[in-house]
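Participant: Take this structure first; my questions come after.
Read-outs throughout are calculated quantities, based only on the coordinates presented, and are distinct from any laboratory measurement. Note that the coordinates shown come from a computational prediction; the quantities given were computed from them, not determined experimentally. Cβ atoms come from the backbone with ideal geometry, glycine included; neighbour counts cover every protein chain shown.
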Amino acid sequence: MNNVIGWSRVTPAARMLGATVLAALSLAGCDTVSRATATRQFAVVEADKSGATEVNIASLSDVIQRNPSDAAAYNTRGAAYARAGNFDSAIADFTKAIQLDPNSASAYGNRALAYRQSGRNDAALQDFTKAVAADPNYTAAYIGRANLQRAQGNYEAAYSDLSQAIRLTPESAEAYHARGLVRQAQGQHRSAIGDFDAAIDRNPFVAAPYAARGQSLIATNQYDKAIEDYNAALNVNNKDADSWAYRGLAYEKSNRRQEALESYQRAVAIDQGNAIAKQGLGRMQGGVASLFR
């Protein structure tokens with residue numbers, strides 16, 4: 001099965017919640033590389049402040065009480081726990097789902113994502129591999145495993161997994177974005193730009209591929225195009241300090257001092273520790289000549 005969550009005998013609201021959670025988790029490895037300040041390697045699931053998660057956990061617990069052998073219900077409640085940031089309970093539920101259905105690729109994949117969110121990368125890698133073994137067509141597991149491999153510096157394995165994910169699901173913006181990050185990490189910026197192009201063509205409404213492509217455009221001296229990409233990224237998320245900082249760098253390298261200064265200032269206002277912005281402000285104060293040495 002190629003679904004992220006099994007859907008039998010669960011409420012429509014729970015199904016939607018489970019899909020949302022695991023979609024957010026599966027974006028885990030899609031940060032741009034060379035981030036200025038972040039230490040984490042992947043996105044964090046946003047906390048649900050609406051109260052819907054608690055309601056759905058309670059609803060799913062009722063389903064499990066009535067159907068204690070329903071692996072899909074455990075799988076979906078695990079996703080709800082993950083949404084709430086309760087990864088220990090999520091892992092326990094995914095483990096129960098696997099016990100009930102040892103061939104559940106989605107339960108292995110979901111548990112791998114929860115392991116990764118809780119910093120247990122070795123266990124996550126093992127579960128991604130088990131997910132692929134259970135279902136060789138399970139695109140999400142290839143992407144998840146590749147994102148982890150990239151974070152660990154295992155670029156060739158990550159590239160192989162992402163190329164397989166693209167063969168299986170050619171319209172996956174996430175797979176192209178992730179493969180672009182691998183190529184970018186290897187310094188293959190023109191190839192990376194091609195993958196980011198493909199990601200943006202498939203989903204133009206996400207900021208991260210624009211920000212990632214902007215870094216490779218800077219690396220290939222295409223500063224005006226980089227500025228356009230950071231404008232697009234900031235149009236989606238104007239609280240991203242890195243996008244402000246790298247836009248400042250693109251402006252600075254194209255000798256547009258005032259725009260660079262303003263972008264660096266915006267970055268520091270959001271994140272005082274942003275290294276790219278702090279270094280840029282230092283150059284603004286001491287002259288820009290050092291940038292081109």
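Participant: How would ASP271, ASP62 line up from fewest to most surrounding beta-carbon atoms within 10 angstrom? Provide the component values of the computation, followed by the final result.
Facilitator: Details: ASP271 19, ASP62 12.
Result, fewest neighbours first: ASP62, ASP271.
Participant: Checking the cross-link filter: which lysines have an alpha carbon closer than 28 Å to that of LYS278, excluding same-chain neighbours under 8 positions apart?
Facilitator: Partners found: LYS225, LYS239, LYS253.
Participant: Any idea what the alpha-carbon Rg over 2.2 N^0.38 Å comes to for the stretch 168-253?
Facilitator: On the way: Rg = 12.0 Å, N = 86, 2.2 N^0.38 = 12.0 Å.
For the stretch 168-253, the normalised Cα radius of gyration is 1.00.
Participant: Give me log10 I(q)/I(0) at q = 0.11 Å⁻¹ for the stretch 75-174, Debye formula, one equal scatterer per alpha-carbon, no solvent.
Facilitator: The Debye formula, applied to the Cα set alone, gives -0.30.
Participant: To continue, here is another question. According to the Kirkwood expression over distinct Cα-Cα pairs, how big is the hydrodynamic radius of the stretch 206-248, in Å? Before the final figure, lay out each step's value.
Facilitator: Numbers: mean 1/r = 0.1043 Å⁻¹.
That comes to 9.6 Å for the stretch 206-248.
Participant: Further, regarding this structure: Could you tell me the convex hull volume per residue, in Å³, taken over the Cα atoms of the stretch 100-248?
Facilitator: Hull volume normalised by residue count: 114 Å³.
Participant: Tell me, VAL55, VAL268 in order of fewest to most beta-carbon neighbours within 10 Å? List each step's numbers first, then the result.
Facilitator: On the way: VAL55 16, VAL268 20.
Fewest to most other Cβ atoms nearby, the residues stand as VAL55, VAL268.
Participant: How compact and how long is the stretch 55-96, expressed as Rg and Dmax of its alpha-carbon atoms in Å?
Facilitator: Answer for the stretch 55-96, Rg first and Dmax second: 9.1, 25 Å.
Participant: Still on this structure, I have one more. Tell me, ARG213, ARG116, ARG190 in order of fewest to most beta-carbon neighbours within 10 Å? Before the final figure, lay out each step's value.
Facilitator: Details: ARG213 31, ARG116 25, ARG190 10.
So the residues, fewest neighbours to most, are ARG190, ARG116, ARG213.
Participant: Ratio of the stretch 205-292's C-alpha Rg to 2.2 N^0.38 Å, to two decimals?
Facilitator: That works out to 0.97 for the stretch 205-292.
Participant: Whole-Hz ³J(HN,Hα) for each residue in the stretch 257-268, computed from phi via Karplus 6.51 cos²θ - 1.76 cosθ + 1.60 with θ = phi - 60°, x for glycine and proline: what do you get?
Facilitator: 4, 5, 5, 4, 4, 5, 5, 4, 5, 5, 4, 5
Participant: Just how far, in whole angstrom, is the stretch 61-113 from the stretch 121-170 if you go by their alpha carbon centroids?
Facilitator: Each part reduced to its Cα centre gives a spacing of 21 Å.
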